[in-house]
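Participant: What follows is a single structure, and I will ask about it in a moment.
What follows draws every value from the coordinates through simple rules; no lab data is involved. Computed from a predicted model, the values in this text were never measured in an experiment. Here Cβ is always computed from backbone atoms with ideal geometry, including for glycine, and neighbour counts include all displayed protein chains.
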Amino acid sequence: MSIKYKDIRGSGGERLASIATLGEIVFHASDVANLWEIPNENTLYKTLSRYVADGLIHRVYKGLYAVKKASEINPFLLGVKAIHSPAYVSCESVLYQKGILNQSPLAVTLVSQFSRHFSIAGIQYRSRKMREEFLFNDAGIEIKDGVRIASIPRAVADMLYFNPRKYFDAGDSTLIQWGKVREIADAVGYIIKGIKS
């Protein structure tokens, strides 16, 4: 069912209901600007500010809003949405979560077109910049709860792409299947020397 813009221009309730049709709990101002047919940026931000003041939505980050409080939203989802371009969770975040790195990362690690550090609701984020030809290759990327997340082999391959000398705490265990890491590296196009067989 397509949304007719003229049907949702009216009340705040109708506008907020239109957000639900997007199926997103986190959204950018630019997403609703088109949906609500508000071309004037000043008017858009005044409208959003009013909804925030009324407690109908929550401001999460620059231009990023949510229908829930940031503390109630998956931090991986918040980070990927804040980037506002293709991105996925990888490297230290995945490897720590899976027991391959023993030290907790200082920030949620994302991979995107940008090198960036930022904070949302007290959570630190680090985006590592990757060449587009690799970033857009979905080999070893899974979707969990609406977030693109690297599998263990992809996260290891990504880590070696960024740091070929990276030491893995669980490097000799069965947690890292080096044959699959090599397959992912080859599928993505990484040239990584020294991947175990």
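Participant: Find out how many positive minus negative residues lie around SER119, taking Lys and Arg as positive, Asp and Glu as negative, among other residues whose Cβ is under 12 Å from that of SER119. Working shown, then result.
Facilitator: Values: positive: LYS62, ARG116, ARG126; negative: none.
Combined, the nearby Lys, Arg, Asp and Glu give +3.
Participant: Can you give the calculated 222 nm mean residue ellipticity of the chain, where each DSSP H run of n ≥ 4 adds -39,500 (n - 2.57) and the sum is split over every residue, rounded to the nearest 500 deg cm²/dmol?
Facilitator: On the way: 8 runs with 73 residues, N = 197.
So the calculated ellipticity at 222 nm is -10500 deg cm²/dmol.
Participant: Right, next: Does the chain come out rounded, prolate or oblate by the C-alpha gyration tensor, with a ≥ b ≥ c the root eigenvalues, rounded set by a/c under 1.5 and, if not, prolate when a/b is larger than b/c and oblate if not?
Facilitator: Verdict is prolate for the chain.
Participant: While we're here: Within segment 20-57, what residues put their amide N at less than 15 Å from the label point 7 Å along the Cα-to-Cβ vector of ASP145?
Facilitator: Once the point is set 7 Å along Cα→Cβ of ASP145, 25-26 turn out to lie under 15 Å by backbone N, inside segment 20-57.
Participant: What number comes out for the charge environment of MET130, summing +1 per Lys or Arg and -1 per Asp or Glu over other residues with Cβ under 15 Å away? Intermediate results must be reported in sequence, preceding the final value.
Facilitator: Numbers: positive: ARG116, ARG126, ARG128, LYS129, ARG131, ARG148, ARG154; negative: GLU92, GLU132, GLU133, ASP138, ASP158.
Net charge in that neighbourhood comes out at +2.
Participant: A follow-up question, please. Arranged by the count of other C-beta atoms within 10 angstrom, fewest first, what order do GLU72, GLU24 take? Numbers along the way, then the final one.
Facilitator: Working: GLU72 11, GLU24 15.
In increasing order of surrounding Cβ atoms, one gets GLU72, GLU24.
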